[in-house]
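Taking it in order: structure first as structure tokens, then the write-up.
The values are calculated or read from the model by the stated rules, or taken from the named source; none is laboratory data. Fair warning: this is a prediction, and the values are worked out from it, not measured in the lab. Here the Cβ positions follow ideal geometry from the backbone for every residue, glycine too, while neighbour counts run over all protein chains shown.
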């Protein structure tokens, strides 16, 4: 798409110069056709704009309010668009063991498999708006966590608010704050 836009820019620039060229002026039909191309290309550029969730996010343990045991580190890689999301979490637990959790889901309210997690085997996502997602995490068909993820207006912070139960069945509320890498 970028090459097509560059080619279109070159043609548009040449035609723009011809508008003011007394030897070979641009005809009105050519000018209108080029203006139509601008209005067609602009929405395509806007559609291709990056989703606010897309990127790499690093857990800020000092800003987060998480129950123990706290991870040593957590990096979340997200690729999102208006219809779905792909998440890869790289977690190093308190003992130094690494775990990679992945999920690929659509924003359609259906369950999608989670791999690599001992705490969850499926998740359902819904897109609330461009900066907010809601998820329901399940293990063996039972809801274990509900989550709301929000990207700040400036796009630098991702905040996840979680409510769920721990392994003993006790209710746990947590907030995880991530900063864009």
Selection from segment 67-88 of residues closer than 20 Å to residue 164 by Cβ and either over 14 Å from the mean Cα position of the chain (by Cα) or not assigned by TED's automatic domain parsing to the domain that holds residue 111 (or both) yields 67, 68, 69, 70, 71, 74
Scanning segment 109-127 for residues that are under 19 Å from the mean Cα position of the chain (by Cα) and either on the phi > 0 side of the Ramachandran plot or free of Cβ contacts under 8 Å to residues at least 12 places away in the same chain (or both), the one surrounded by the fewest Cβ atoms within 10 Å (Cβ to Cβ) turns out to be 109
Given the criteria free of Cβ contacts under 8 Å to residues at least 40 places away in the same chain and closer than 22 Å to residue 55 by Cα, does residue 180 qualify?
no
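For segment 154-181, how many residues meet the condition of being part of a strand (DSSP E or B) and exposed (fewer than 12 other Cβ atoms within 10 Å of the Cβ)?
Within segment 154-181, residues that are part of a strand (DSSP E or B) and exposed (fewer than 12 other Cβ atoms within 10 Å of the Cβ) number 2.
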Filtering segment 61-98 down to residues that are in contact (Cβ under 8 Å) with a residue 40 or more places away in the chain, surrounded by 15 or more Cβ atoms within 10 Å (Cβ to Cβ) and in a loop (DSSP other than H, G, I, E, B) yields 64, 66
Is at least one residue of segment 146-153 in contact with a strand residue (DSSP E or B) (Cβ under 7 Å, 6 or more places away or on another chain), more than 18 Å from residue 77 (Cα to Cα) and not in a loop (DSSP other than H, G, I, E, B)? yes
Sole miss for residue 49 among (1) at pLDDT 95 or above; (2) within 19 Å of residue 180 (Cα to Cα); (3) outside any strand (DSSP E or B) is condition (1)
